[in-house]
Amino acid sequence: MATRTFGRATVTTPDLDEPGLYLSTVDTLDSPRDVVQDFTFGEADLRSLDLADTRLTTGRITGVRSKRTEFEALNLHGVEITNCDLGAVRWTESKLTRVHLRDCKLMGAAFDGLVLDDVLFEGAKLDFATFEKVRVTGPVAFIGCILTEATFTDCDLSDAVFTDCTLRLTEFGAGRYRDMDLRENDLSALRGVANLSKVRIDHGQQSDLAEALVNELDVAFGDD
């Protein structure tokens, strides 16, 4: 396994090139045993990608393009997902452990009831995504991600890290955000600022939050 540190979070990601590890190429992620292990899957154009009650362990998914994506109770452990374009994603009631999702497009994705532990989102396009009842139980980092008009509702993102992300009109609804690290981001166009109790920012970002709050309240100035 490899470790990377972002702010106060150290995320452990899979090292799939370690000596002695051999990944077998598979043509599908479906398995009669509901378990796919030590695998590599990719470079596929799919009309749909539907997986339910399945566990993917120690593997690499690369270059998958799907017009419709439905994951239910899809649990990942030690999996790297790279350069994928997954359309109309709905991902529910799943656990992700030691997962690295890099340079993927999941615009408009709906994540519901996910548990995240040692998960790194890097360079992901998550515009208009919705995160509902997503719970962080270990280190989680969003690095260089685009989250334009994404929404977080009833989530526990305590100790999660966001770095160098696009957070334009990103909305944080009611939830738990204690010690969530928002340093090194432009926060001036956030929504739901009043819900961000106990988050971590730099001194220079105070004006960003003030601007976001003024915009959200739609206040009028006396000389306007």
P(r) weight above 30 Å for the chain, C-alpha pairs, percent
25
At 1.4 Å probe size, with every protein chain present, just tell me what the per residue accessible area of segment 85-163 comes to in Å².
33
In a GNM of the chain with a 10 Å cut-off on Cα contacts, which of LYS67, LYS125, LYS105 has the highest mean-square fluctuation?
LYS67
Taking 37 °C and 0.692 mPa s as the conditions, I'd like the Stokes-Einstein D for segment 1-55 in µm²/s, using the Kirkwood hydrodynamic radius from alpha carbon pairs.
235
Using a 1.4 angstrom probe on the protein heavy atoms only, could you order THR5, THR62, THR137 from most to least accessible area?
THR5, THR137, THR62
For the chain, the accessible surface attributable to carbon and sulfur atoms (probe 1.4 angstrom, ligands and nucleic acids excluded) amounts in percent to 45
Please list the equivalent ellipsoid semi-axes of segment 39-146, computed as the square roots of five times the alpha-carbon gyration tensor eigenvalues, in descending order and whole angstrom.
18, 15, 15
Expressed as an acute angle from 0 to 90° and rounded to the nearest 10, what is the orientation of the C-alpha long axis of helix 206-217 relative to the principal long axis of the chain?
80
All other residues with a Cβ under 14 Å from the Cβ of ASP202 taken together, and with Lys, Arg as +1 and Asp, Glu as -1, what is their net charge?
-2
Reciprocal mean inverse distance between Cα atoms of segment 141-224 - Kirkwood radius, Å:
12.9
Farthest positive-ward along the chain dipole, Cα basis, beta-carbon charges - from ILE201, LEU217, THR57:
THR57
Excluding THR151 itself, what net charge comes from residues whose Cβ is under 9 Å from its Cβ, given Lys and Arg +1 and Asp and Glu -1?
-2
Taking only Cα atoms of segment 82-143, what ratio of Rg to Rh do you get with Rh as the Kirkwood inverse-distance radius?
0.93
Between segment 148-224 and segment 45-96, what's the alpha-carbon centroid distance in Å?
29
Round to a whole angstrom and tell me the spacing of the C-alpha centers of segment 99-132 and segment 1-32.
17
Could you size up the charge dipole of segment 7-124 around its Cα centre, putting +1 on the beta carbon of Lys and Arg and -1 on that of Asp and Glu, and report it in debye to the nearest 20?
280
Based on the Cβ-Cβ distance from ASN215 to ASP50, what FRET efficiency comes out when R0 is 30 Å, to the nearest 0.05?
0.15
Nearest 20 debye, what's the magnitude of the dipole of segment 164-219 about its Cα centre given +1 on Lys and Arg Cβ and -1 on Asp and Glu Cβ?
300
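The values are calculated or read from the model by the stated rules, or taken from the named source; none is laboratory data. For clarity, every value in this text was computed on a predicted model and none was experimentally measured. Quick reminder, even Gly has a Cβ in these numbers, built from the backbone with ideal geometry, and neighbours come from all protein chains shown. SASA here: full protein model, heavy atoms, side chains in, ligands and nucleic acids out. Shrake-Rupley method; radii C 1.70, N 1.55, O 1.52, S 1.80 Å.
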